[in-house]
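The values are calculated or read from the model by the stated rules, or taken from the named source; none is laboratory data. Since we're looking at a predicted model, the values are computed, not measured. Cβ placement follows ideal geometry from the backbone for every residue including glycine, while neighbour counts extend to all protein chains displayed.
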Amino acid sequence: WLLLRNPENVPEEQRPKLEELLAANKALMTTYIMKASLKELWQPSGAWQWRCRWKTWLRMAAESEIESLSRFARRLKTYWRGILARVRWPMH
């Protein structure tokens, strides 16, 4: 459960355990960081800025050499228009 939490929601006393888990496994740490950066894409910003950040995220996922992360990025890529629509017209 510790890994599923957003970094800002991890209690202070559990942070050392999280850091230990991430240090023990590079692929796990990469996936955790990519999850956090993907979450940031959902924050409203300009469409052009979002598109640049989106392309960067996709490139980083492909370059991670983590097959499951690369596969997830390829599948998510087909939905970019709908995701961009959410950025332009935020839901409440």
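Write out, first by first residue and then by second, each pair whose Cβ atoms fall under 8 Å of each other, whose residues are 6+ apart or on separate chains, and whose first residue, in the range 39-64, is in contact (Cβ under 8 Å) with a residue 24 or more places away in the chain while the second is basic (Lys, Arg) and assigned to a helix (DSSP H, G or I).
41/53; 42/86; 45/53; 47/88
Considering each of 69, 58, 84 in turn, give the residue that is surrounded by 12 or more Cβ atoms within 10 Å (Cβ to Cβ) and at pLDDT below 85.
84
Would you pick out the residues in the range 4-33 that are surrounded by 12 or more Cβ atoms within 10 Å (Cβ to Cβ) and either within 13 Å of the chain's Cα centre (by Cα) or of a type in the set (Phe, Trp, Tyr) (or both)?
Of everything in the range 4-33, those that are surrounded by 12 or more Cβ atoms within 10 Å (Cβ to Cβ) and either within 13 Å of the chain's Cα centre (by Cα) or of a type in the set (Phe, Trp, Tyr) (or both) turn out to be 5, 7, 28, 29, 30, 31, 32, 33.
List every residue pair whose Cβ atoms sit under 9 Å apart, with the two residues 6 or more apart in sequence or on different chains, where the first one lies in the range 1-30 and is more than 21 Å from residue 67 (Cβ to Cβ) and the second, anywhere, is part of a loop (DSSP other than H, G, I, E, B) and modelled with pLDDT under 80.
Sorted first by the residue in the range 1-30, then by its partner, the pairs are 10/2; 14/2; 17/2; 18/2; 18/3.
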